[in-house]
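The values are calculated or read from the model by the stated rules, or taken from the named source; none is laboratory data. Nothing here was measured: the structure is a model prediction, and the numbers come from that model. Note: ideal-geometry Cβ built from the backbone for every residue, glycine included; neighbour counts use all protein chains shown.
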Amino acid sequence: MKIPMPVPVYLETYEMGELEERIEKLMDILNECKLCPRACGVNRNKGETGYCKSDRYLMVSSVHPHYGEEAVLVGTYGSGTIFLTNCNLGCIYCQNYDISHLGYGQRVTEEELAQSMLSLQKRGCHNINFVTPTHFTPQIVKALKIAIENGLHIPLVYNCGGYESKSTIALLDGIMDIYMPDIKYGDEESAKKYSNAPDYFAVCKEAVKEMHRQVCDLTVDERGIAVRGLLIRHLVLPNGLASSAEVFKFIATELSKESYVNIMLQYRPMYRAYEYKELNREIKMSEYREALDSAKEWGLHRGFERI
C-alpha cells in the first residue's frame, strides 16, 4: 500500500513528552539486564557483561549508506545502516561473525551515535537502520532524543535477529517505525544446535506479534520507500534446517497474509558452519523453490521473488 510520506512516529512520542520516560525505563533494565530472552541479570551499568559481552557502553562497527538491503529500504540514496557490535544470538554460520562474535567495533557515546544518525540523514539516506540493536536498545533511544533535538526526521528501522523480549519491544512502541526481524527457525532443535537458543521460535513469535501490533503490515510512500510496518526476513538453510514451512504458517495464520517476507537464498557456509556437514554447503535452487512454494501455499505474496 502506498501512502504520502508520514511523520516518523518517534517525533509524536517526543512531542508528547513520553520519550524521556522510556529512556529511564530502558536504562534501568541495564542494572539487572533482561533486555533479551537470555535475561542474564548482570549489572551492565557497573561494567558487568552477560551473553552478549556488552557493558554500559555502545559499540559500533560501521556507519554508512547501504545499498544491499531490501529495495523498499534502499531507494535511491541507500539505507543508513549503523552496525552495532556483539549479539545476543550464537549463530555458528553468522555472515557478520567478525562483528557479532569477535567484537569488531569501537566504543562511541550516545552523542556520537546521534551525530552518525544526523550525518546519514544529511547524505540523503531514506532511514536509519540499526543492525543488531537488541543489546543496545536503551543507549539507542537515549541517542535518538539527542538526534531529534538536532533535526532527525527520517524513519527508524529495528533490524534484529528475532530473539527479542516482548517486554523490551513493548517499550519501543511509538519509537520504531519499521521492524525488520529475522525469523530464523520454525523448530527448537535447529535453534538450539545452531544458535544456542532452544526457545527461539516461541519467544520470536511473541515478539514479532508485538511488533506487528505496533506497526502493522509494511507500507510504502509514493516513491516506493518503506515508511512504517513489519518486514520479515527468513534465510533458507540447507537440508530444510530452518523448518521454513512452520515459519510461513505462523506468519500467515498469526500475523497477516499481507506480511512482507524476504525469503533469502544467500546462505553460504561461514564462521563455524564447516564443522557441521549438514550446513557445509550453499542451498540448492530446488530447496529455495520449495520454500517459495510453501510460502505461496500459505497465501503469502509480498517481498519475495517468484521463480
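Overview of results
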item: Flag for Ser61 being part of a loop (DSSP other than H, G, I, E, B), in contact with a helix residue (DSSP H, G or I) (Cβ under 8 Å, 6 or more places away or on another chain) and hydroxyl-bearing (Ser, Thr, Tyr); result: no
item: Residue satisfying condition, being of a type in the set (S, T, N, Q) and over 26 Å from Val236 (Cβ atoms), within set Ser100, Ser62, Ser79; result: Ser62
item: Flag if Arg223 is of a type outside the set (Ser, Thr, Tyr) and modelled with pLDDT under 95; result: yes
item: Residues of segment 256-294 satisfying the condition of being of a type in the set (Lys, Arg) and closer than 12 Å to Leu235 by Cα; result: Arg268
item: Enumeration of residues in segment 172-192 that are charged (D, E, K, R) and either within 29 Å of Leu19 (Cα to Cα) or touching a residue at least 24 places away in the same chain (Cβ under 8 Å) (or both); result: Asp173, Asp177, Asp182, Lys184, Asp187
item: Qualifying residues in segment 95-104 (those that are assigned to a helix (DSSP H, G or I) and not charged (D, E, K, R)) - the one nearest to the chain's Cα centre (by Cα); result: Ser100
item: Residue in segment 244-258 that is of a type in the set (A, V, I, L, M) and more than 30 Å from Glu210 (Cβ to Cβ) present; result: no
item: Conditions (1) in a helix (DSSP H, G or I); (2) in contact (Cβ under 8 Å) with a residue 60 or more places away in the chain: number failed by Ile92; result: (1)
item: Residue ID - farthest from the chain's Cα centre (by Cα), chosen from residues in segment 269-289 that are over 14 Å from Tyr194 (Cα atoms) and surrounded by fewer than 16 Cβ atoms within 10 Å (Cβ to Cβ); result: Ser286
item: Members of segment 137-159 found to be part of a loop (DSSP other than H, G, I, E, B) and surrounded by fewer than 23 Cβ atoms within 10 Å (Cβ to Cβ), listed by number; result: Glu149, Asn150, Gly151, Leu152, His153, Ile154
item: Arg233 in a strand (DSSP E or B), farther than 20 Å from Glu305 by Cα and either touching a helix residue (DSSP H, G or I) at 6+ places or on another chain (Cβ under 6 Å) or modelled with pLDDT of 95 or more (or both); result: no
item: Matching option when the condition is of a type in the set (D, E, K, R) and closer than 19 Å to Ala191 by Cα, among Lys249, Lys257, Lys284; result: Lys249
item: Residue satisfying condition, being touching an Asp or Glu at 6+ places or on another chain (Cβ under 7 Å) and in contact (Cβ under 8 Å) with a residue 24 or more places away in the chain, within set Ala242, Ala207, Ala273, Ala197; result: Ala207
item: Positions within segment 172-193 being more than 20 Å from Leu255 (Cα to Cα) and in contact with a helix residue (DSSP H, G or I) (Cβ under 7 Å, 6 or more places away or on another chain), in sequence order; result: Ile175, Glu188, Ala191
item: Qualifying position, being aliphatic (A, V, I, L, M) and at pLDDT below 95, among Met16, Met59, Met5; result: Met5
item: Qualifying residue in segment 96-107 (condition: touching a residue at least 24 places away in the same chain (Cβ under 8 Å) and buried (at least 24 other Cβ atoms within 10 Å of the Cβ)); result: yes
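One line per residue, one yes/no per condition, for (1) of a type in the set (A, V, I, L, M); (2) closer than 25 Å to Asn43 by Cα; (3) under 17 Å from the mean Cα position of the chain (by Cα):
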residue	(1), (2), (3)
Thr85	no, yes, yes
Gln106	no, yes, no
Leu118	yes, no, no
Ile128	yes, no, yes
Val131	yes, yes, yes
Glu149	no, no, no
